[in-house]
Amino acid sequence: MKKIVSLTRRAIEEYNMIDEGDKIAVGVSGGKDSLVLLCALAELSRYYPKKFTVTALTLDMGYKSDYSGIQALCDNLGVEFKVKYTNIKEVIFDIRNETNPCSLCAKMRRGSLNDFAIENGCRKVALGHHNDDVLETFFLSLMHEGRIHCFSPVTYLSRTDLYQIRPMIYVRERDIRGAAKNHNIPVIHSECPADGYTQREYMKELIRRLEKETHPGLRKRLFRAIHDSSIDGWNTDI
């Protein structure tokens, strides 16, 4: 966890993600990424030079999961935890019967989470995207959209006057997995019918095989290329 906190702080400072007095909403899905991010930000808030507070916000997609473990974690961290129940699952799978549900689901979740954050006095939302997500998103954009693109470390949403920040862009997924296991973080298994069968999973496996079989060090070179590029929001020197 110390390594994750250190890398999180590096991203925050390099991309100026946090200002004095910020109240930051962490979008807690129940998965390992968002819960480890919550722990890292809660730890950092104790001694970071710019004082900020953290609030954990969860959107229940319609599965009515058991959040008692997350509530206990938040109590231990001294972090406020709130849940908002939605019908997103019903809309995606029952009403619309989407065959490729991920894009619409992500859009609906982002909108609901942003509204939830504003309702709770937060103007910044921290998302659990990590280093592997950066590379996978880059490949997805290249192969499916034909463009050089990736989400930004910091995104300003002018319509809602809200910032999305991604403090774990330097953190590898394997380190997050290890931290979640070593610290007994109460991860909730995804109940989504599409879980594990997405194009993102395909890209994850493709990058893994390329690095293992033919291109050792590929991940680092790819990330450096993205980091040093002119992709919107990435290179702080541009």
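Listed values, structure above:
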quantity	calculated
Flag for residue 112 being small (Gly, Ala, Ser), in contact with a strand residue (DSSP E or B) (Cβ under 8 Å, 6 or more places away or on another chain), surrounded by fewer than 18 Cβ atoms within 10 Å (Cβ to Cβ) and in a helix (DSSP H, G or I)	yes
Filter result (open to solvent by 10 Å² or more (accessible area, probe 1.4 Å), touching a residue at least 24 places away in the same chain (Cβ under 8 Å) and either assigned to a helix (DSSP H, G or I) or over 25 Å from residue 174 (Cα atoms) (or both)) within the stretch 116-131	116, 118, 120, 121, 123, 124, 131
Residue within the stretch 90-107 that is buried (at least 21 other Cβ atoms within 10 Å of the Cβ), touching a residue at least 12 places away in the same chain (Cβ under 8 Å) and more than 23 Å from residue 173 (Cβ to Cβ) present	yes
Only one of 20, 43 that is outside any strand (DSSP E or B), touching a helix residue (DSSP H, G or I) at 6+ places or on another chain (Cβ under 7 Å), open to solvent by 10 Å² or more (accessible area, probe 1.4 Å) and modelled with pLDDT of 95 or more	43
Residue, nearest to residue 23 (Cα to Cα), within the stretch 72-83, restricted to residues that are open to solvent by 50 Å² or more (accessible area, probe 1.4 Å) and more than 18 Å from the chain's Cα centre (by Cα)	80
Breaking point among (1) within 17 Å of the chain's Cα centre (by Cα); (2) under 30 Å from residue 62 (Cβ atoms); (3) free of Cβ contacts under 8 Å to residues at least 40 places away in the same chain, for residue 174	(2)
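The values are calculated or read from the model by the stated rules, or taken from the named source; none is laboratory data. Keep in mind that what you see is a predicted model, and the values were worked out from it rather than measured. Cβ sites come from the backbone with ideal geometry, for glycine too, and all protein chains shown count toward neighbours. For accessibility, only protein heavy atoms count, side chains too; no ligands or nucleic acids. Shrake-Rupley method; radii C 1.70, N 1.55, O 1.52, S 1.80 Å.
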